[in-house]
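For reference, the structure discussed in these notes is given below.
The values are calculated or read from the model by the stated rules, or taken from the named source; none is laboratory data. Here the structure is a predicted model, which is why all the values come from computation and not from measurement. Neighbour counts are summed over all protein chains in view; Cβ atoms, including those assigned to glycine, are modelled from backbone coordinates with ideal geometry.
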Amino acid sequence: MLFSTLRKILFDISNAGVVVLDTKNNVDLGEYDLVVFALVGRSFDVASAVAMYLKNNGVRFVDSYIGHAMPDNKLNSTLLQVYAGNPVPRTIYGPVEAMAERMGELGEKVVCKDVLGKKGRNNYLVSSVDELRSIVEANGDVNFVMQQFVPNDGDLRVLVLDGKVGLVLERRGSGKTHLNNTSVGGMAEIVEVSDEVKKIAESGAKVEKLEVAGVDVIVDKNTGKPYILEVYREPQMATGTFLEEKKTVYAKFLEAML
């Protein structure tokens, strides 16, 4: 029997495959016969992500309630999207030294962001291992994921209502930050998007069992490939830009539900 802690678990998530490693014992959790969660506490989000990985690898675990968590954070959401076959940037979560070892595999720059962050809070573009360590150490109460930086000319906030795209906003950053969010100075306009983007966004909302979702999609400006960045349960229906347009499509959605 081997013992470890959730703080020692490393997630490496991409569409090429998922690895969840017990760094204390240097063992892939998918190789175990049984995993017992003795104490979860405040790390329930990490435990539920581990449980998701175990279920997908046919590994039994105790207790089963841990496998029924809502994916309301970036770690669980990204893992869920990958298992559904939706494209996501490669994402790594775990001990800072383990993330630092893999940083170069993601490119010259990576995005380091709060697992629970919203509106661009605690979201950094990082270009060195020292910078990564400094950010993590300076924010001791924050859990960060490290994600592949996708070169872009903006991103898309896709509003999905009852399984269908209702409205799409293209957001472009101010140039002062890597973020395109309007909450940090970005500009937005209503646009039409390809059927591919619509399909990805609708699938992203469906996977998370959301009738109302804001799916953030980013398109690589070099390859043209779209990726799901995040799926929001609170897509700023009553705040932000284009309020009247959002109210209109939301009202139609509610009428259809009635």
Checklist outcome for this item: Scanning the stretch 163-199 residue by residue, those surrounded by fewer than 15 Cβ atoms within 10 Å (Cβ to Cβ), touching a helix residue (DSSP H, G or I) at 6+ places or on another chain (Cβ under 7 Å) and among the charged types (D, E, K, R) turn out to be LYS164
Item to check | Residue match in the stretch 189-210 (condition: more than 20 Å from the chain's Cα centre (by Cα) and either in the same structural domain as ALA49 (by TED's automatic domain parsing) or small (Gly, Ala, Ser) (or both)) | outcome: yes
Checklist outcome for this item: Selection from the stretch 117-131 of residues within 16 Å of the chain's Cα centre (by Cα) and assigned to a loop (DSSP other than H, G, I, E, B) yields GLY117, LYS118, LYS119, GLY120, ARG121, ASN122
Checklist entry - When only residues in the stretch 8-27 that are surrounded by fewer than 18 Cβ atoms within 10 Å (Cβ to Cβ) and more than 30 Å from PRO226 (Cβ to Cβ) count, which is farthest from the chain's Cα centre (by Cα)? => result ASN25
Checklist outcome for this item: Taking the stretch 107-137 and keeping only residues that are surrounded by 17 or more Cβ atoms within 10 Å (Cβ to Cβ) and touching a Leu at 6+ places or on another chain (Cβ under 9 Å), one is left with VAL110, VAL111, CYS112, VAL115, GLY120, ASN123, TYR124, VAL126
Next on the checklist: Scan the stretch 226-249 and tell me whether some residue there is assigned to a strand (DSSP E or B) and more than 24 Å from TYR124 (Cβ to Cβ).
Outcome noted: no
Checklist entry - From the list LEU258, LEU167, LEU229, which residue is on the phi < 0 side of the Ramachandran plot and within 15 Å of the chain's Cα centre (by Cα)? => result LEU229
Item to check | Odd one out for VAL35, checked against (1) outside any strand (DSSP E or B); (2) under 25 Å from MET146 (Cβ atoms) | outcome: (1)
Checklist outcome for this item: Considering the stretch 97-108, residues that are within 18 Å of the chain's Cα centre (by Cα) and free of Cβ contacts under 8 Å to residues at least 60 places away in the same chain, and then whichever is nearest to VAL217 (Cα to Cα), we arrive at LEU106
Item to check | Yes/no for THR223 being within 17 Å of LYS119 (Cβ to Cβ), outside the structural domain of MET70 (by TED's automatic domain parsing) and part of a loop (DSSP other than H, G, I, E, B) | outcome: no
Checklist outcome for this item: Residue hits (the stretch 13-32; of a type in the set (A, V, I, L, M) and not in a helix (DSSP H, G or I)) are ILE13, ALA16, VAL18, VAL19, VAL20, LEU21, VAL27
Item to check | Some residue of the stretch 132-139 being in contact with a strand residue (DSSP E or B) (Cβ under 9 Å, 6 or more places away or on another chain) and outside any helix (DSSP H, G or I) | outcome: yes
Checklist entry - Which residue out of GLU196, GLU170 is free of Cβ contacts under 8 Å to residues at least 40 places away in the same chain and in a helix (DSSP H, G or I)? => result GLU196
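Each row is one residue, and each column tells you yes or no for (1) hydroxyl-bearing (Ser, Thr, Tyr); (2) at pLDDT 95 or above; (3) under 16 Å from the mean Cα position of the chain (by Cα).
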site: LYS55; (1), (2), (3): no, yes, no
site: ASP63; (1), (2), (3): no, no, no
site: GLY85; (1), (2), (3): no, yes, yes
site: VAL111; (1), (2), (3): no, yes, yes
Checklist entry - What residue, among those in the stretch 60-106 that are acidic (Asp, Glu) and part of a loop (DSSP other than H, G, I, E, B), is surrounded by the fewest Cβ atoms within 10 Å (Cβ to Cβ)? => result ASP63
